[in-house]
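The block underneath contains the structure these notes are about, expressed in structure tokens.
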Amino acid sequence: MARTYLSTHDDVAALATPPGAGALAVLRLAGPSSIARLAAVFSKPDLLKASAGSSAVYGKLVDAEGRSVDEVVAVVFRAPKSYTGQDGVDLMCHGGPATVEAALAALFSTGFKQALPGEFTFRAFSAGKMDLVRAQAVDELVKARTRGAQSDALARLGGSLSRELDALRRELLRLSAACALRLDYGEDENPEDLSVELPALAAARGRCQALADSYALGRLFAEGALVALAGRTNAGKSSLFNRLLKEERAIVSQQHGTTRDYLEAELDLGGIPVRILDTAGLRESHDPVEREGVRRSRLLAEGADLIVYLADATVGLAAEDEGFLTERPEALRVWNKVDDDRALPAPPGWLPLSALDGSGEGALAAALIGRLAGNLERAEPGLRISSARQRDALLRCARALGDAEEALRAGEPADIVALDLATALAALGELSGETTSEDILDSMFSNFCVGK
Ligand SMILES: Nc1nc2c(ncn2[C@@H]2O[C@H](COP(=O)(O)OP(=O)(O)OP(=O)(O)O)[C@@H](O)[C@H]2O)c(=O)[nH]1
Ligand SMILES: [Mg+2]
């Protein structure tokens, strides 16, 4: 039968570093008998078994027949002072696929099971070492593509978002208690009217909604955006591509139709990981290869989150430009080659740029960031959510709080309000992991890296 995350009594092992050659590879082991199991294939079993937590033991990993597999350093962790909360070992061996394969084979021969993706973090979560928000941040930290996304995830791992959610939860508990108190009074007694809590309810709903809205920006930071450079031949797309990348990646020439196959690179734009595409210049061509390049460019532009459309200021606008921009009016318009004496003044709505000397580059970067993220609510770093699952739970919470407000205004009895508050609390509990179903946990952790 396939293992599940719930088999936390299994001793598991996995490569925690990327596969391939490297100076070191780290194999991560966890489970109640992980240290004893490792001792069975370790040259100094007694020393290993007697070692204190957070200590390192140097020795040889051997196979079942006693043949040496590698020289290793075993960093031993004792429950509960470990990442998973269980006994475990981070085993450092020499990097390289052959060593890793032999070392894992030796471990599996002692009964270690291959760890599932994210299984170590799942165990940390089930041991109460971290809530689900922090567990999610671990995955985001590992996958962060820009410094901005990385520091954002690190803040969440440090608990910025968990603390905010906890404050919200405490406020909802206080409101529930107020409802309960109201229920305790008899018909003819006259306790304080619950409607004094209306502003508090509205404030809590507002916080929920703001956090849910932060998903758009959180997702942009985590998943990034696709930006395509488009324009007629010779507009300077490849020149701009190279300038943004700060390297001579694309061939630049005064010949029309230089770029045919599109080029792709990754860029950090104000913390947003951006995949940028340099495409073939748009023009009617009889050359079948160039025509194919143009066809692909149009297709790529269609799939982009944002198109940067360049025009050559020394030539001015032509029917092709108008045609493209009528179809894609949202494209960011860039008037390139303004350094040239022959350059015509930029028409309204066009950003002046010189891909040659870099003037206007700062304004272009700002415009790009503005277009990608500008209309999104700028939450405090770390206070954004980054998964659709979190957003859905927050929206359900906000909706239930809205219902509670309505019930209160309509003069419904306190137990109706209490019911709405309980729904809101349950939705909030899904975020932290208090009330998250097994299926959701499964789908969340299975997206993690193996070894994390
Ligand atoms: N003066 C001036 N020349 C530029 C500027 N940007 C590009 N050029 C020149 O314009 C010519 C075309 O530039 P490319 O970057 O190859 O243009 P492209 O849009 O990629 O052209 P295709 O690949 O043919 O579609 C080259 O000779 C560049 O040096 C600029 O800002 N100022
Ligand atoms: Mg080009």
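The values are calculated or read from the model by the stated rules, or taken from the named source; none is laboratory data. Just so it is clear, the structure is predicted and the values come from calculations on it, not from any experiment. Backbone-built Cβ (ideal geometry, glycine too); neighbour counts: all protein chains shown.
For region 301-342, name all the residues that are within 16 Å of ligand 1 (Cβ to nearest atom) and either outside the structural domain of Lys237 (by TED's automatic domain parsing) or within 24 Å of Glu223 (Cα to Cα) (or both).
Those that are within 16 Å of ligand 1 (Cβ to nearest atom) and either outside the structural domain of Lys237 (by TED's automatic domain parsing) or within 24 Å of Glu223 (Cα to Cα) (or both): Ala301, Ile307, Val308, Tyr309, Ala331, Leu332.
Please work out if Leu282 is within 13 Å of ligand 2 (Cβ to nearest atom), assigned by TED's automatic domain parsing to the domain that holds Gly316 and in contact with a Leu (Cβ under 6 Å, 6 or more places away or on another chain).
Answer is no for this residue.
Does Glu266 fit the bill of being assigned by TED's automatic domain parsing to the domain that holds Leu368 and surrounded by fewer than 19 Cβ atoms within 10 Å (Cβ to Cβ)?
yes
Restricting to region 37-72, count the residues that are surrounded by 15 or more Cβ atoms within 10 Å (Cβ to Cβ) and either touching a Leu at 6+ places or on another chain (Cβ under 9 Å) or not assigned by TED's automatic domain parsing to the domain that holds Ala102 (or both).
Of the residues in that region, 14 qualify.
Would you be able to tell me the number of residues in region 36-57 that are more than 23 Å from Pro97 (Cβ to Cβ) and assigned to a strand (DSSP E or B)?
Result for region 36-57: 3.
Is it the case that region 303-317 has a residue that's surrounded by 16 or more Cβ atoms within 10 Å (Cβ to Cβ) and touching a Ser or Thr at 6+ places or on another chain (Cβ under 7 Å)?
no
Show the residue pairs that are 6+ apart or on different chains and have beta-carbon atoms under 9 Å apart, the first residue being within region 244-262 and at positive phi and charged (D, E, K, R), the second being within 10 Å of ligand 2 (Cβ to nearest atom) and assigned to a loop (DSSP other than H, G, I, E, B).
The qualifying pairs do not exist here.
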